[in-house]
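Taking it in order: structure first as structure tokens, then the write-up.
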Amino acid sequence: MTRDERIAALKVEAEKRILVMDGAFGTMIQSYELGEAEYRGERYKDWDQDLKGNNDLLVLTQPQVIREIHDAYLEAGADMVETNTFNATSISQSDYGLEAIAYELNVAAACLAREAADACYENTPDKPRFVAGAIGPTNRTASISPDVNDPGFRNVTFDELVEAYGEQTRGLIDGGCDTLLIETVFDTLNAKAAGFAVKQVFAETGVELPIMISGTITDLSGRNLSGQTPEAFWYSLRHLKPFSIGMNCSFGAEQLRPAVADLAEEAEALVTVYPNAGLPNELGEYDETPQQFAPKLEEWARDGLVNIVGGCCGTTPEHIRLLTQAMAKHPPRKVPELSHEMRLSGLEPFVHT
């Protein structure tokens, strides 16, 4: 299928059933127990900085590992796989001195995911497979100072974020993505910079993909790091007319449900959710088994809260396999038609009736 045909198919499939995304990438990469030499590969064997932990670089130095992970999630039943590009902006890659290869990383990652999705589709022609270009939050925040002694200080500007996100977006489009996923949003201003960059690239290239947005909640108050409630978060970003809005990471499904319920009631878009496999233990590991994880999300599907589901930290192909089976029993959430009213947001939502 062409990209336009895949985008049309994505919208059709989302009307018919609950779609399933893949699970965690970091969890799977850790299972390979790669060392510094594997991260460097031949290309960066003499690099003057440590590269272990730069998972995005593996699309160039260990592409077979990334392809195997994509294949595992697709075989488990995922309709959509994310590119391995969570930190593939020039801003995040500057930690390793690799900001110059940001565009290349995104093209390579998108190509790997595209190849895996297309190969799987050939074997299951009744079930299209899609690629979401993952646009992570970067390791900077535009709304909050990193220096408690200087609240007005910022270590990144809006324009710098726009430039970095724009470069990433071009790479993801050129590599063959079907959607763009602005994910794990902890600072709404970062997400607005990403959205601005994406729209700018759409205008420049003439290619327009569905936009998916996924926020994250930082504590049990139900707000993101920049202080917004889920409803206010939606009002801040609805001007982008996203294909979907939702939540990921944060906590396990139980703690994330109130935020998702708020979005399900207010959002005039599909609702996406991919929580962690429970809360981390004292070692930072996730103990929630696939048998515990899938039923919790099935409750959300039964209650009509979700359109697209998946897994974040700690989830594996087996989590996705059982999740796929559970979602097949339930219809997707109906997108509400809300009255035409002025909806504004600060930290809290405001509706003028």
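Derivation of every value follows stated rules applied to the coordinates shown; laboratory data play no part. Remember, it's a predicted structure, so these values are computed and weren't measured experimentally. Quick reminder, even Gly has a Cβ in these numbers, built from the backbone with ideal geometry, and neighbours come from all protein chains shown.
Below is a table of values for the structure above.
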| item | result |
| --- | --- |
| Local electrostatic count, S345, Cβ distance below 10 Å [Lys/Arg +1, Asp/Glu -1] | 0 |
| Pairwise label distance in nanometres, N155 with M1, each label 7 Å out on the Cα-Cβ vector | 4.2 nm |
| DSSP-defined antiparallel bridges as percent of all bridges, the chain, nearest 5 | 15 percent |
| Lysine pairs with alpha-carbon atoms under 16 Å apart, the stretch 3-352, spacing 8 or more or separate chains | 9 |
| About the Cα centre, charge dipole magnitude for the stretch 3-352 (Lys/Arg +1, Asp/Glu -1 at Cβ), debye | 880 debye |
| Cα gyration tensor, the stretch 298-349 - rounded (a/c under 1.5), prolate or oblate | oblate |
| Lys/Arg +1, Asp/Glu -1 at C-beta; the stretch 148-229 dipole; positive extreme among F196, T216, T179 | T216 |
| Calculated FRET value between T353 and A261, using beta carbons and R₀ = 25 Å, to 0.05 | 0.70 |
| E282/K52 FRET efficiency (R0 22 Å; Cβ-Cβ; nearest 0.05) | 0.40 |
| Loop-located GluC sites (Glu not before Pro) in the stretch 33-130, at most 15 other Cβ atoms within 10 Å (DSSP) | E33, E42 |
| Of T316, T169, T61, the one that fluctuates the most in a GNM where the chain has Cα springs shorter than 10 Å | T61 |
| Sum of side-chain charges, A301 neighbourhood, beta-carbon under 11 Å (Lys, Arg +1; Asp, Glu -1) | +2 |
| GNM flexibility winner over the chain from P125, P63, P331 (Cα, springs under 10 Å) | P125 |
| Gaussian network model of the chain, Cα within-10 Å springs - most flexible of A100, A267, A110 | A100 |
| Neighbour cut-off at most 16 other Cβ (10 Å), DSSP loop, trypsin sites (Lys or Arg not before Pro), the stretch 29-63 | R43, K45, K52 |
